[in-house]
Amino acid sequence: MKLVGWVYLLSALYLISLPDPCIAGNSTLSPSLEGSISSPDEAIPAPGTIEPLEPSNAVEPLTSFDPTDDPTEASTSFEQDDGAAEAPAENSPPEPSSSETSAETIADPIEPVNRAFFHFNDKLYFWVLKPVATGYETIIPEDGRVGVRNFFSNFTTPIRLVNCLLQAKFKGAGNETLRFFINTTYGLAGFLDTAKKEFKIEKQEADFGQTLGVWGMGPAFYIVWPILGPSSLRDTVGYVGDLFLDPRTYIFTRPIFYLVRPIELVNVASLTLGEYEGLKKAALDPYIALREAYSQYRQNKIKR
């Protein structure tokens, strides 16, 4: 330790004994400095001779400064603002097209008349059709009622077959032809849907009102017919056209037709009990709900 102390002391004395180059009168500049500064006038320029520096355009002047601001908070706020500005562009879903946003509704210029027939059909359903269909459901098991529906569906095959051809759905027309022969022979005159169960051949829903829609005819306006229910001007014309393709028009005489048609209506009602009640219970205005449901149903059939 003593040796170290002596070394520090000698070093300090040596530094004190050195001459100061800034104040020593006999100090001389190095040759390199002598060549660069030849006179005091050249070393120190006269006042007013120094050209002012032009301000740079890259640096904008600071308009205001608050010493209380925290730079970390400012950077965080800028990042949040940038994220908020970019979020709508990244996360916002694409705007739907006009065809998707525009809800297609059917015209209803004779609404008072249609509402009167709607209330008539509503009372007819709850007072007559539903009680009869409920008793029919109790007597006839479900398999028997499904068989009756299959029989009438197979019997009206010409309506679907011809309309498939009119709509250029040739595969559907071929399926209807196969279904008719398979169900008529192996399906016990159509009471069994053997074509669907064994061969996976689905029924093709097609009628002349749908055909007119495929050809470009609009529904025109909404109509409610007594007993028949909701329809449109186009579908009314289609219903009349289908009567010419319906074998029941030519085979059944009037007494038989008046007996068979109510049985078909009661059978269909027994298989759909509760559907109309659910629609009416969930709707604020059952008339409008049924009208819109019918319009969308027909539009979907045409677009298939």
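Residues in the stretch 126-158 that are of a type in the set (Ser, Thr, Tyr) and part of a helix (DSSP H, G or I) were compared, and the one that is surrounded by the fewest Cβ atoms within 10 Å (Cβ to Cβ) is 138. Among the candidates 261, 298, the residue that is among the basic types (Lys, Arg), over 25 Å from the mean Cα position of the chain (by Cα) and in a helix (DSSP H, G or I) is uniquely 261. A residue that is touching a residue at least 60 places away in the same chain (Cβ under 8 Å), acidic (Asp, Glu) and surrounded by fewer than 14 Cβ atoms within 10 Å (Cβ to Cβ) occurs nowhere in the stretch 193-201. The residues of the stretch 215-231 that are farther than 14 Å from residue 113 by Cβ and crowded, with 22+ Cβ neighbours inside 10 Å amount to a single one, 219.
Report yes if some residue within the stretch 205-223 is at pLDDT 95 or above, among the small types (Gly, Ala, Ser), within 28 Å of residue 147 (Cα to Cα) and assigned to a loop (DSSP other than H, G, I, E, B); otherwise report no. Looking through the stretch 205-223, at least one residue is at pLDDT 95 or above, among the small types (Gly, Ala, Ser), within 28 Å of residue 147 (Cα to Cα) and assigned to a loop (DSSP other than H, G, I, E, B).
Of everything in the stretch 284-293, what is under 16 Å from residue 222 (Cβ atoms) and either touching a helix residue (DSSP H, G or I) at 6+ places or on another chain (Cβ under 9 Å) or without any contact (Cβ under 8 Å) to a residue 24 or more places away in the chain (or both)? Give them in sequence order. The answer is 285, 286, 287, 288, 289, 290, 291, 293.
The set of residues from the stretch 151-174 being of a type outside the set (Gly, Ala, Ser), within 30 Å of residue 216 (Cβ to Cβ) and out of contact with any Asp or Glu (no Cβ under 7 Å at 6 or more places or on another chain) comprises 158, 162, 165, 166, 167, 169, 170, 171.
Scanning the stretch 232-259 for residues that are under 16 Å from residue 154 (Cα atoms), exposed (fewer than 14 other Cβ atoms within 10 Å of the Cβ) and among the hydrophobic types (A, V, I, L, M, F, W, C) yields 243, 251.
The values are calculated or read from the model by the stated rules, or taken from the named source; none is laboratory data. Bear in mind the structure is a predicted one, so any value in this text is a computation, not a measurement. Backbone-built Cβ (ideal geometry, glycine too); neighbour counts: all protein chains shown.
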